[in-house]
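The values are calculated or read from the model by the stated rules, or taken from the named source; none is laboratory data. Remember, predicted model here, so these are calculated numbers, not experimental data. Note: ideal-geometry Cβ built from the backbone for every residue, glycine included; neighbour counts use all protein chains shown.
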Amino acid sequence: MSLPTAIFPNETYIDGLRAAEASVVESLYNEFRISIAKDVEGAGGSYADGAVFFRVAVIQTATLIHNDQFPSNIPVEAFLRCLAIRQFQDWREEKNQEPVSMPVLSEEDRLLWAKLPEIPELRSFRGMMKAKREFYRLETEDQRQVLSMANHIALGEQLAITEKENPALARYKKSIGSETDDSDSLLATHIIKALTDRHFHQVWSACDAIEQRLKSAQVPDNKENKTIRYAFLTLLLLTLGYTIATWFFRDRSPAEVYEQNFQPPKGILSDMEQRYAKDSVALERPEICAIAFAEADASYQKKDWRAAASVLAGMMEDEYQPCQSDALFYLAIVALQLERPELTLECISKIEDLERFGEDIYWYMALAYVKKAAIDPSEKEMAQRALERALSNTEIPERRMQAEKMLEELAEK
């Protein structure tokens, strides 16, 4: 089992999951969902099983972190992988299905495996997931009644009501096959928590929004974005997720087009100086921004892309707000060096003042789509559209020639 090295510092994932930040949940999906789903598949499941238990692992990991139960000094991505596989294995055992073979574990993984939740906790959490899922399948009025009862019970109130007296409760409990774990409780403890715990709901909702988007291949609009940003999000709406089949049978020809045309800046500081040289008003930034960019540039110059990405990602904290657009822009470029075109697109979509970067935005968006086409041939049409948009928005002669040549080469292959 192996995972791509995390692009962000471990603390970013931990702090984000503790706060139920949707952007951090989305980063985990972008970076690790496919790899972990494949690991579950390799452990005897299907790819669909892997996708399901990746989601379970994300939400349970967030819950453990929120409750201060997450093991210290453990990489989040490694914990997610082991937890997803362990949840899948225990689910099969609970269903009395044929046991799956234990994956080959490194010494580090064996130590991590021992820190996973025990079987009762694994099953209780799957019960929470089922309780939440079935709740949303109820009719609206049934949801209202069940949630009202759950809130009263969570507050310690005793309800003088039975299932026979409340058909909504009876229908809900039947849908989840529930029997109370407390003789004097209408709903089991884990069900109450699934319906009333705010943090659980926030992480669940973040995952659900991503899952729905993956199914429909759509990205929601952000009304705060400016007109130029809508154009790029329109491109993202058409983007399909990676699949295992296309990974193994991908056409390599767009890769040649990408390699011949990706010419990143030689340095971050030198590129910033050149881009802002024509500004009539000097851009003022806090000293911490200058220090961080210098650190990122030092790693960039050494071609230590992960170190550069780590510094730039760390600039998403509030104190770096005046320079976050630049940090996102250069993180997008570094992501291409790391062969993470989806991260490039994500970073660009989060830049608030896209106009300030001019045609560079169109150019690196186009390169990201060409890189995606190198991995998945079904993305070639999207790459062509992105190149056409870049061509119509660039005034640099060299780039126009490059874009025209790339379009010709993609059309031929």
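Quick one: would you say Val281 is in the same structural domain as Asp360 (by TED's automatic domain parsing), over 26 Å from the mean Cα position of the chain (by Cα) and either modelled with pLDDT of 90 or more or not in a helix (DSSP H, G or I) (or both)? Spelling it out, Val281 is indeed in the same structural domain as Asp360 (by TED's automatic domain parsing), over 26 Å from the mean Cα position of the chain (by Cα) and either modelled with pLDDT of 90 or more or not in a helix (DSSP H, G or I) (or both).
Pairs meeting the criteria (first residue in region 392-413 and under 16 Å from Tyr362 (Cβ atoms), second residue assigned to a helix (DSSP H, G or I) and basic (Lys, Arg), beta carbons under 9 Å, at least 6 apart or on different chains) are Thr394/Arg400.
May I ask you to say which residue of Gly177, Gly156 is closer than 13 Å to Ala131 by Cβ, surrounded by fewer than 16 Cβ atoms within 10 Å (Cβ to Cβ) and at pLDDT below 90? Walk me through it before giving the result.
Details: Gly156 fails: closer than 13 Å to Ala131 by Cβ.
One residue alone meets the criteria, Gly177.
Just checking, does region 28-44 include any residue being assigned to a helix (DSSP H, G or I), farther than 18 Å from Ile210 by Cβ, touching a Leu at 6+ places or on another chain (Cβ under 9 Å) and in contact (Cβ under 8 Å) with a residue 24 or more places away in the chain? Checked against the condition, which is being assigned to a helix (DSSP H, G or I), farther than 18 Å from Ile210 by Cβ, touching a Leu at 6+ places or on another chain (Cβ under 9 Å) and in contact (Cβ under 8 Å) with a residue 24 or more places away in the chain, region 28-44 yields at least one hit. Comparison of Leu116, Leu83 shows that the only residue that is free of Cβ contacts under 8 Å to residues at least 40 places away in the same chain, crowded, with 18+ Cβ neighbours inside 10 Å, in a loop (DSSP other than H, G, I, E, B) and not β-branched (Val, Ile, Thr) is Leu116. Of the candidates Tyr330, Tyr362, Tyr369, the single residue that is of a type in the set (Phe, Trp, Tyr) and within 23 Å of Asp304 (Cβ to Cβ) is Tyr330.
Among the helices (runs of 4 or more DSSP H) confined to region 313-413, the ones with at least 3 residues that are within 22 Å of Gln263 (Cβ to Cβ) and among the β-branched types (Val, Ile, Thr) are located at 359-375. Screening Ile7 against (1) crowded, with 16+ Cβ neighbours inside 10 Å; (2) part of a helix (DSSP H, G or I); (3) not small (Gly, Ala, Ser) leaves a single unmet condition, (2).
Ser349 satisfies every condition listed in (1) surrounded by 24 or more Cβ atoms within 10 Å (Cβ to Cβ); (2) closer than 18 Å to Ser23 by Cα except (1). Number of residues in region 66-76 that are touching a residue at least 24 places away in the same chain (Cβ under 8 Å) and surrounded by fewer than 22 Cβ atoms within 10 Å (Cβ to Cβ) equals 5. Can you tell me how many residues within region 336-349 are of a type outside the set (A, V, I, L, M) and touching a residue at least 60 places away in the same chain (Cβ under 8 Å)? Residues that pass the stated criteria total 5.
Going by what's in this entry, would Trp91 be described as surrounded by fewer than 18 Cβ atoms within 10 Å (Cβ to Cβ), over 21 Å from the mean Cα position of the chain (by Cα) and among the aromatic types (Phe, Trp, Tyr)? Considered against the rule, which asks whether it is surrounded by fewer than 18 Cβ atoms within 10 Å (Cβ to Cβ), over 21 Å from the mean Cα position of the chain (by Cα) and among the aromatic types (Phe, Trp, Tyr), Trp91 comes out as no. Looking across region 367-413 at every residue that is of a type in the set (Val, Ile, Thr) and under 19 Å from Leu336 (Cα atoms), the one that is modelled with the highest pLDDT is identified as Val370.
Being crowded, with 21+ Cβ neighbours inside 10 Å, without any contact (Cβ under 8 Å) to a residue 40 or more places away in the chain and in the same structural domain as Gln274 (by TED's automatic domain parsing) holds for only one residue in Ala383, Ala373, Ala332, and it is Ala332.
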